[in-house]
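Below is one structure, written out as structure tokens, with a few remarks after it.
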Amino acid sequence: MPGTIDPLRIEQFVLDHPIALIEVWAAWSGNAFLVAAVLDRLLRESTLRGVARARIDVATHPEVLERFGLEGVPAVLIYSRGRLVERRVGLVNSEALGSRLRELLSTPYSEDSP
């Protein structure tokens, strides 16, 4: 199970990891547990071991919904080299998410990239 992160540490977390996934969840959301199980299974794959994952509980930190423009939970925020590249709200498709993460992992880093 991934660690819970304080919203004040998100910037450093995503800068410390080339590909970072922030899972926004709440204990009252049944779908959040389904998404967590999908992420647990998906990130155990050898091709996705380079993806760092952390969780934020909106019951403890409700301000993250507004901060990231989220209208609900669960949500998955995907960062590539410190930049938010994708935001998914609700249930996630395991195959589509896995493909997107593999694509990001295989993209070479360039200082000139926007």
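List of remarks:
- Annotation: average projected area of region 43-110 is 5.1 square nanometres, based on the convex hull of Cα atoms across all directions.
- Between the helical axis of 30-42 and the longest alpha-carbon principal axis of the chain there is an angle of about 30 degrees.
- Using only the C-alpha atoms, the convex hull of the chain corresponds to 99 Å³ per residue.
- Rounded FRET efficiency, nearest 0.05, which uses the C-beta distance separating Thr107 from Trp28 and R0 of 25 Å: 0.10
- Dipole moment magnitude, nearest 20 debye, region 3-103 about Cα centre, only Lys, Arg, Asp, Glu C-beta charged: 320 debye
- In order through region 43-53: 3J(HN,Hα) via Karplus (6.51 cos²θ - 1.76 cosθ + 1.60), integer Hz, x for Gly, Pro: 7, 7, 5, 4, 6, 10, 5, x, 8, 8, 10
- Lys/Arg +1, Asp/Glu -1 at C-beta; the chain dipole; positive extreme among Val73, Thr47, Ser29: Thr47
- Taking only the Cα atoms of region 29-82, the ratio Rg/Rh comes out at 0.99, with Rh defined as the Kirkwood radius.
Read-outs: derived from the displayed coordinates by stated rules, not from any lab. What you see is a predicted model; the values in this text were computed from it and never measured. Cβ coordinates were reconstructed from backbone atoms using ideal geometry, including for glycine residues, and neighbour counts include every protein chain displayed.
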